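Undergrad: Have a look at the structure that comes next, please.
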Amino acid sequence: MANTFSLILVCVTLVTGIVYALEKLVWAKKRAAKVAEVEAQTTGLDDQTKAKITHQPWWIENSVSIFPVIAFVLVLRSFIYEPFQIPSGSMMPTLLIGDFIVVEKFSYGLKDPVWRNQLVETGKPERGDVAVFKFPPQPNIDYIKRVIGLPGDTVRYTQDKKLCIKPSGEKQCTPVPLTNYTESEFIQNNIPLIRLDETMGEHQHQVLVNPLRQDNVAAYQPRAGVREWIVPQGHYFMMGDNRDNSADSRYWGFVPEANLVGKAVGIWVSFEFDRSDDSFLPSWIPTGIRLNRIGGIE
């Protein structure tokens with residue numbers, strides 16, 4: 001499925017690029033030749049006449065001006081880095097609503113910006129990465145979750161909210177360590193969420209759990225009530241760090257490798273949107289900035 005914004009950006013870049021090339025290689029030379037021809041036929045060429053001959057139509061002038069900028073944005077956004085905004089709390093405490101993040105587009109392969117066909121393979125997701133991907137049921141929507149299961153892995157999520165992963169080719173399921181059980185500042189239905197440190201390979205990050213909330217195992221996919229998943233080849237199992245408040249692979253299945261957008265690597269700005277119920281400000285206007293949030297993502 002084509003990305004509408006990327007398609008528009010590619011089309012604008014292509015059109016302005018053609019005009020830019022024709023201007024530099026053909027039209028500018030023709031105007032210069034015309035000036036030389038007129039000067040050879042007259043004793044002199046006043047500035048007004050010269051300006052009239054060398055005048056660029058508005059559409060050429062605008063195309064030449066914006067093409068380098070548009071081309072730079074296209075290359076940067078498609079192949080290097082792209083900004084995203086965090087719209088929900090499913091990745092708390094790692095990412096908060098109002099965080100604006102930078103996604104490294106080349107981490108999981110270079111893809112064409114319209115149809116997302118892979119052009120060059122540059123790497124694969126690692127267990128514990130925070131990844132942006134196209135939501136499988138609705139590919140026009142971007143999701144962000146943590147990579148839990150790699151192709152061939154067996155992932156278990158126990159009733160006491162602990163992960164156990166059996167990597168492809170191994171016989172034993174290895175529990176994912178959870179340490180530093182502390183009460184967090186995050187509240188759900190007047191219940192403080194519990195913050196824990198989770199270690200997954202070389203990644204150490206924090207997760208939140210609601211000690212009084214049970215998983216909706218009846219909604220698990222592909223089999224209701226079954227807490228174990230075998231990740232197919234070419235797919236990944238994703239979960240949010242806010243374990244009891246995340247719609248993730250437990251509920252809608254695996255993420256195909258083709259849906260991967262990139263790896264979230266940093267927060268470049270973070271806004272607060274908290275306000276009282278009687279506030280007159282529109283909900284999209286920030287009420288503060290969280291400078292302490294700026295930095296890398298664990």
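Undergrad: Is it fair to say L45 is at negative phi and surrounded by 12 or more Cβ atoms within 10 Å (Cβ to Cβ)?
TA: Answer is yes for this residue.
Undergrad: Is at least one residue of the range 227-239 of a type in the set (K, R), in the same structural domain as V102 (by TED's automatic domain parsing) and under 24 Å from E298 (Cα atoms)?
TA: no
Undergrad: Okay, moving on. Select, from V209, V261, the only residue that is in the same structural domain as M92 (by TED's automatic domain parsing) and under 30 Å from N117 (Cα atoms).
TA: Of V209, V261, the one residue that is in the same structural domain as M92 (by TED's automatic domain parsing) and under 30 Å from N117 (Cα atoms) is V261.
Undergrad: Right, something else. Mind checking which pairs have a first residue in the range 26-41 that is on the phi < 0 side of the Ramachandran plot and a second that is surrounded by 13 or more Cβ atoms within 10 Å (Cβ to Cβ) and part of a helix (DSSP H, G or I), Cβ under 8 Å, 6 or more apart or different chains?
TA: W27/I60; R31/I53; K34/I53; V35/K50; V35/I53; V38/T49; V38/I53
Undergrad: Please identify the pairs in which a residue from the range 281-298 that is loosely packed, with under 11 Cβ neighbours inside 10 Å has its Cβ atom under 8 Å from the Cβ atom of a residue that is among the charged types (D, E, K, R) and at pLDDT below 95, counting only partners at least 6 apart or on another chain.
TA: Matching pairs, first to second residue: S283/R275.
Here is a yes/no grid of residues against (1) modelled with pLDDT of 90 or more; (2) charged (D, E, K, R); (3) farther than 22 Å from V269 by Cα:
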{"site": "Q48", "(1), (2), (3)": "no, no, yes"}
{"site": "P57", "(1), (2), (3)": "yes, no, yes"}
{"site": "I86", "(1), (2), (3)": "yes, no, no"}
{"site": "K111", "(1), (2), (3)": "yes, yes, yes"}
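Undergrad: To continue, here is another question. Considering each of A33, A28 in turn, give the residue that is of a type in the set (A, V, I, L, M, F, W, C) and surrounded by fewer than 12 Cβ atoms within 10 Å (Cβ to Cβ).
TA: A33
Undergrad: Looking at the range 219-234, which of its residues are buried (at least 21 other Cβ atoms within 10 Å of the Cβ) and part of a strand (DSSP E or B)?
TA: W229
Undergrad: Within the group T16, T43, which residue is part of a loop (DSSP other than H, G, I, E, B) and not assigned by TED's automatic domain parsing to the domain that holds D112?
TA: T43
Undergrad: With respect to the numbered conditions (1) without any contact (Cβ under 8 Å) to a residue 40 or more places away in the chain; (2) out of contact with any helix residue (DSSP H, G or I) (no Cβ under 8 Å at 6 or more places or on another chain); (3) farther than 22 Å from G109 by Cα, which one is the sole condition not fulfilled by Y251?
TA: Checking Y251 against (1) without any contact (Cβ under 8 Å) to a residue 40 or more places away in the chain; (2) out of contact with any helix residue (DSSP H, G or I) (no Cβ under 8 Å at 6 or more places or on another chain); (3) farther than 22 Å from G109 by Cα, the one that fails is (2).
Undergrad: Would you check which residues across the range 181-218 are more than 24 Å from R127 (Cα to Cα), in contact (Cβ under 8 Å) with a residue 12 or more places away in the chain and touching a strand residue (DSSP E or B) at 6+ places or on another chain (Cβ under 7 Å) and list them?
TA: Passing the criteria: T182, E183, S184, F186, L193, P211, L212.
Undergrad: Is it the case that some residue within the range 113-127 is crowded, with 17+ Cβ neighbours inside 10 Å and at pLDDT 95 or above?
TA: Scanning the range 113-127, I find at least one residue that is crowded, with 17+ Cβ neighbours inside 10 Å and at pLDDT 95 or above, so the answer is yes.
Undergrad: Can you tell me which residues in the range 137-189 are loosely packed, with under 12 Cβ neighbours inside 10 Å, aliphatic (A, V, I, L, M) and within 26 Å of the chain's Cα centre (by Cα)?
TA: I141
Undergrad: Got a number for residues in the range 107-135 being touching a helix residue (DSSP H, G or I) at 6+ places or on another chain (Cβ under 6 Å) and not charged (D, E, K, R)?
TA: Qualifying residue count for the region: 4.
Undergrad: Considering only strands (runs of 3 or more DSSP E) fully contained in the range 160-207, which possess at least 2 residues that are of a type in the set (A, V, I, L, M) and closer than 25 Å to A264 by Cβ?
TA: Because the criterion is at least 2 residues that are of a type in the set (A, V, I, L, M) and closer than 25 Å to A264 by Cβ, the strands (runs of 3 or more DSSP E) in the range 160-207 that meet it are 163-166, 191-200.
Undergrad: Which of the residues belonging to the range 49-100 are touching a residue at least 40 places away in the same chain (Cβ under 8 Å) and part of a loop (DSSP other than H, G, I, E, B)?
TA: I86, G89, S90, M91, M92, P93, T94, L95, L96, I97, G98
The values are calculated or read from the model by the stated rules, or taken from the named source; none is laboratory data. In this text the structure is predicted, and so the values were computed from the model without any measurement. In this analysis, Cβ positions are derived from the backbone assuming ideal geometry, glycine residues included, and neighbour counts consider all displayed protein chains.
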